[in-house]
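Below: one structure, written as structure tokens.
Rule-based calculations on the coordinates, nothing more; no lab input. Computed from a predicted structure; not experimentally measured. Here Cβ is always computed from backbone atoms with ideal geometry, including for glycine, and neighbour counts include all displayed protein chains.
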Ligand SMILES: [Zn+2]
Ligand SMILES: [Zn+2]
């Protein structure tokens, strides 16, 4: 696995360290590059249920850091 980026990630639900698309605007969120990891938000609950619940920072802010699916709090991928 990669360099200590697994903090807070639900291992069972994650399909790998590649890219995801923001569920709102479709922006590609790059988990590999690392440079914008802190701009990626996700819902641990939905991701663990294999939903695409990743969000760019702008949309996370728009959503007031609440998951649009289950209303739980979004977490930064890398804090
Ligand atoms: Zn977005
Ligand atoms: Zn959720």
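In terms of its alpha-carbon gyration tensor, segment 18-71 comes out oblate; a/c meets the 1.5 threshold, while b/c is at least as large as a/b.
If R₀ is 30 angstrom, what is the calculated FRET efficiency for the pair residue 71 and residue 28, using the beta carbon separation as r and rounding to 0.05? In this case the efficiency is close to 0.70.
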